[in-house]
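To start, the structure under review is shown below, and the notes come after it.
The values are calculated or read from the model by the stated rules, or taken from the named source; none is laboratory data. Please read all numbers here as calculations on a predicted model, not as lab measurements. Quick reminder, even Gly has a Cβ in these numbers, built from the backbone with ideal geometry, and neighbours come from all protein chains shown. The accessibility values were calculated without ligands, DNA or RNA, using every heavy atom of the protein model including side chains. Shrake-Rupley method; radii C 1.70, N 1.55, O 1.52, S 1.80 Å.
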Amino acid sequence: MNILITGANGQLGNEMRIVSKNSQDRYIFTDVVEIDGQETAILDITDLEAIRKMVKDNDVKVIVNCAAYTNVDKAESDQEFCELLNAKAPENLAIAMKEVEGLLVHISTDYVFGGDQYNTPCKEDQKGTPTGVYGLTKLHGEQNIQKSGVDYLIFRTAWLYSEFGKNFVKTMLNLTEAKPQLKVVFDQVGTPTYAYDLAFAIFEIIENRKYEGNTGIYHYSNEGVCSWFDFTKMIAEIAGNTDCDIQPCHSEEFPSPVKRPAFSVLDKTKVKETFGIKVPYWTESLKICMKNLMKA
Ligand SMILES: NC(=O)c1ccc[n+]([C@@H]2O[C@H](COP(=O)([O-])OP(=O)(O)OC[C@H]3O[C@@H](n4cnc5c(N)ncnc54)[C@H](OP(=O)(O)O)[C@@H]3O)[C@@H](O)[C@H]2O)c1
């Protein structure tokens, strides 16, 4: 089977490259630019005809959409383009897959929630109440896919980090080494997700054809709960950056163009029960990623 990965140069896309190395299926990696040393075909997912051509030329049966507009703060002043990439482009992919009776695997976010008060882990059927442009456009993307009639798997994830690109773990690894003191918010709670773990879960589901009869929305993050403060403390501890004095603070101390969800914990019961997946605990995955980062 031929499987197309979009946004293959991003965090999740790069982890898809790693997990699929020994697959019997053929993976085609695409993004808007080529990167030295990485096999990448050019595909802009805002271009429906280009997607159709790529699907036809390669007899694609599954698309895993790892491409998105992911800059949450910038999105507030760039709504039109963010909507194009996060809502219209997934619809394009859904149309192209529907035409060949294929499957669209799409990634969404905990930012589709946050506008109302709750303190229990979010289930898949909780009402979407996004607080900003990024979350709203990602919710529109989900809705467009659902309306298209395509077979789909939508994985909502949260606090993604990896060895690739820019992310919280890399930033805090550097800051806790360089700075004597650091304040980090403790009033936003969630669960980090090692992009490798999510990629591996997606790969397993595709490889073993577990998606058949199971299309729908699923939540996937690592196990456990922490604040950004706790996350930073753990990063510093693993790195041995013990000289940095890390203190908790409130979100108001770091003004941002967008209000972030205060409680981003995702309930993973459905994904575990449906696909028989074991989800790693967040500190265990963090140790693995940081080991890779520190030896690089
Ligand atoms: N990062 C998080 O904390 C987080 C949390 C929850 C959910 N998610 C979701 O998880 C998914 C993966 O996130 P990520 O962090 O791996 O994203 P990422 O690192 O930002 O990667 C996205 C990739 O998509 C590419 N891209 C941009 N425009 C494109 C287009 N028109 N056509 C094709 N590719 C395009 C980007 O290229 P350029 O870099 O050149 O623009 C980049 O390589 C996204 O759906 C995101 O919304 C992320």
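List of remarks:
- Exclusive hit being among the basic types (Lys, Arg) and out of contact with any strand residue (DSSP E or B) (no Cβ under 9 Å at 6 or more places or on another chain), set 138, 170, 166: 166
- Verdict on residue 63 being at pLDDT 95 or above, outside any helix (DSSP H, G or I), buried (at least 22 other Cβ atoms within 10 Å of the Cβ) and touching a Leu at 6+ places or on another chain (Cβ under 6 Å): yes
- Within the range 1-35, being within 11 Å of the ligand (Cβ to nearest atom) and part of a helix (DSSP H, G or I) holds for 11, 12, 13, 14, 15, 16.
- Lone unmet requirement of (1) in a loop (DSSP other than H, G, I, E, B); (2) in contact with a Phe, Trp or Tyr (Cβ under 9 Å, 6 or more places away or on another chain); (3) away from the ligand (no atom under 11 Å from the Cβ) for residue 38: (3)
- Flag if residue 51 is within 15 Å of the ligand (Cβ to nearest atom), surrounded by 23 or more Cβ atoms within 10 Å (Cβ to Cβ) and assigned to a helix (DSSP H, G or I): yes
- Pair list, Cβ < 6 Å and 6+ apart or interchain, from the range 16-39 residues that are under 21 Å from residue 55 (Cβ atoms) to residues that are open to solvent by 20 Å² or more (accessible area, probe 1.4 Å) and hydroxyl-bearing (Ser, Thr, Tyr): 20/27
- Out of 193, 171, sole residue that is among the polar types (S, T, N, Q) and over 18 Å from residue 256 (Cβ atoms): 193
- Looking at 249, 244, 289, just one residue is crowded, with 18+ Cβ neighbours inside 10 Å, touching a residue at least 24 places away in the same chain (Cβ under 8 Å) and more than 26 Å from residue 23 (Cα to Cα), and that residue is 244.
- Set 184, 100, 133: member being surrounded by fewer than 20 Cβ atoms within 10 Å (Cβ to Cβ) and in contact with a helix residue (DSSP H, G or I) (Cβ under 8 Å, 6 or more places away or on another chain): 100
- Identity of the residue in the range 35-47, in contact with a strand residue (DSSP E or B) (Cβ under 9 Å, 6 or more places away or on another chain) and exposed (fewer than 13 other Cβ atoms within 10 Å of the Cβ), that ends up nearest to residue 82 (Cα to Cα): 42
- Tabulated pairs, the range 207-225, first on the phi > 0 side of the Ramachandran plot and assigned to a strand (DSSP E or B), second open to solvent by 40 Å² or more (accessible area, probe 1.4 Å) and at pLDDT 95 or above, C-beta under 9 angstrom, 6+ apart or interchain: 216/270; 216/274
- Checking each residue in the range 1-24 for being farther than 20 Å from residue 162 by Cβ and open to solvent by 20 Å² or more (accessible area, probe 1.4 Å) picks out 1, 2, 24.
Table: residues versus (1) more than 17 Å from the chain's Cα centre (by Cα); (2) within 22 Å of residue 141 (Cα to Cα); (3) surrounded by 14 or more Cβ atoms within 10 Å (Cβ to Cβ).
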| residue | (1), (2), (3) |
| --- | --- |
| 223 | no, no, yes |
| 230 | yes, no, yes |
| 238 | yes, no, yes |
| 253 | yes, no, no |
| 256 | yes, no, no |
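- Residue match in the range 81-92 (condition: open to solvent by 20 Å² or more (accessible area, probe 1.4 Å) and either in contact with a strand residue (DSSP E or B) (Cβ under 9 Å, 6 or more places away or on another chain) or of a type in the set (S, T, N, Q) (or both)): no
Conditions (1) open to solvent by 30 Å² or more (accessible area, probe 1.4 Å); (2) under 16 Å from residue 7 (Cβ atoms), marked per residue:
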| residue | (1), (2) |
| --- | --- |
| 142 | no, no |
| 152 | yes, no |
| 155 | no, yes |
| 168 | yes, no |
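- Residue list for the range 228-255, filter: of a type outside the set (D, E, K, R) and assigned to a loop (DSSP other than H, G, I, E, B): 240, 241, 242, 244, 250, 254, 255
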